[in-house]
Amino acid sequence: MGEASVLREWGRHGAICAGYALLYVLLRDFSVSHWNLPAGLRVACLLLLPYRYWPALFIGESLPVGYHAWDCHDQFGWRWAALAAIPPILPISFAVAWAKRHARLMLGARQVNMTMLLGVILAGAILTAAGNALTLAATQLPPDSPPLIITSQILFGYFLGNYLGAIALVPTVLVVQLALSRGARLTQSATRWYGHLTRDCLIGVLLPLIVLVGLVFSSQGDSMQVFRIAMFLPVAWLTSRYGWQGAAIGGTLASFAVTMTSTMVRDPGVIQAQAMMAFAVTTLLLLGSRIAHQVHTTSTVQLDTLRGFQLAQQGLYLEELRMRQAADALEHIGQSIRENHNRLLDRLRHVLPANEEHIYSRHVVLAQHEMHRLANALHPRGWRERGVPATLREGPFAQAVHLTGATYQCDLSGRGLSQLAPDVHLTLYRLACEVLVYVLSRAPMQHVHLQLRGGYTGGRRWVVMRLVGELATANENETGPRPDADSWKQAMTLLGASGLGMNTIRDRAHIYGGAVHVRDSQQGLGVTLLLHDSLRSMPIHQGASG
């Protein structure tokens, strides 16, 4: 087993070495003097591959570099060949290793340490340019040739070529790596996000770039440069929508497009446009990283808020379950008392007078009735047997309204009211009781009208409750019982309400994503309440943007 593992590891090293050498040769043949794509390949491989595979990268780059140095040693001399045979990845590896020890590259599902990334790219371009300058200084010239002077323009050309090649390749490689690393674990939202990114890259970036390339070839003079510089506009648009990932992919496409417009070797117009594109892409990467960070922070806050509401809803539901257990226990105790009393009376009936037996039986019936009322206040039996609509129409709610001397009407409309989660039904009933007590405590009412309407919007169900109390009028000719000013206390006892104030009612509704509106007029008082369906059954997770 150990030998097989060693062989597999050596196989991976060999595959990485051969694959890197092949990619290096392909990118070098595709590159131009001011656009050195192998510089991006070096940085990307060093950042993404573990340290144990770095020797394979060194060997993979040494093969094509050493062959080129050997092939040209007769032309430029042995000193040049010795320096040219040193793979540029060696000095860059020290900078990347230092950066990886002091900072993390990946900060989240779709976040990178952009400062570290751009710093590594900049350091790699500087080190490679310095190595190119030293190799150029070691070139063996013919005896009659003038001495070679390395100017700042030559150094800047080396630096620009390596920086352009890296900035055009490394960020896009990271985007692809982040997408592939999640693989089958992509959530539905992440899959949709990447689908939108691909669509916008094709329609919003690639298509305009093709049009601009065509305009460059059909133009002359300054117009060509204008169209080249305009190629950064689709990149900016994609950045505004997708952050640094949009800047990375758009920057790569724009760099390819600018390079395709070259009409000669070392085209000054293309070099200027590439330099400006490098500056624009660097700025957009930093800006896009900041946008992504702000979006991630906002989504994290929203996720924490949703989790808080979810826990609050779960706590309220567990409290209702405990109240239901207490109600069942009270009813069971009441039934046990009644049975024990009946057995006791059966044994003592021959020694008790008939009137005392009747008094004892009545006391037990009253005690059992009080326990039943208390159990029904804790958790209404009608809700358990027939649901919230029947409980609000005919249960303790209607009895509490009639107890105050007011008339009562309940209307149901809409759809999906019965499909709301059980804890939403319980919260709706509790809030209806609290709102009723609040309305009755403000002034005597002669009529109470309750309206319930259910609906389904945006993939989530909701319910609206509107309770309107009409003020009692002082009419001497009016028949029927007069509303009592303190009868709301009896209603509160019957319903098991706590007499919550409107602020607390609003807080309870807010837990279910709702709101409360109070309307006070000369005719009466109206309270409208909105609740959304429960979050307990919804999986709250980070999406693709996390």
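Worth a mention:
- With every protein chain in place, the stretch 56-199: carbon and sulfur % of accessible area (1.4 Å): 67
- Stretching the chain fully between ILE150 and SER521 yields a gain of 124.7 nm (0.36 nm per residue, less the alpha carbon separation).
- About the centre of its Cα atoms, the stretch 67-196 shows a dipole size close to 1000 debye [charges on the beta carbon of Lys, Arg (+1) and Asp, Glu (-1) only; nearest 20 debye].
- Taking the convex hull of the alpha carbon positions in the stretch 41-110 and averaging its projected area over all directions gives 5.5 nm².
- For the listed peptides 85-94, 448-457, 517-526, a ranking on the average number of other beta carbons within 10 Å per residue, highest first, reads 85-94, 448-457, 517-526.
- Shape category assigned to the stretch 104-244 from the gyration tensor of Cα positions, a/c cut at 1.5: oblate
- Cβ crowding within 10 Å averaged over residues, with 30-37, 500-507, 201-208 ranked highest first: 30-37, 201-208, 500-507
- Nearest-0.05 FRET efficiency for THR504 and HIS447, computed from C-beta distance (R0 25 Å): 0.45
- The Cα center of the stretch 220-289 and the Cα center of the stretch 196-215 differ in position by 13 Å.
- Extension gain for TYR67 to SER33 (0.36 nm times residue separation, less C-alpha to C-alpha distance): 10.3 nm.
- A Förster radius of 35 Å combined with the Cβ-Cβ distance from MET260 to LEU48 puts the calculated FRET efficiency at roughly 0.80.
The values are calculated or read from the model by the stated rules, or taken from the named source; none is laboratory data. All values reported here derive from a predicted model rather than from experimental measurement. Counting neighbours? That spans all protein chains shown, and the Cβs are built from the backbone with ideal geometry, glycine included. We work out accessible area using only protein heavy atoms, side chains counted, and drop any ligands, DNA or RNA first. Shrake-Rupley method; radii C 1.70, N 1.55, O 1.52, S 1.80 Å.
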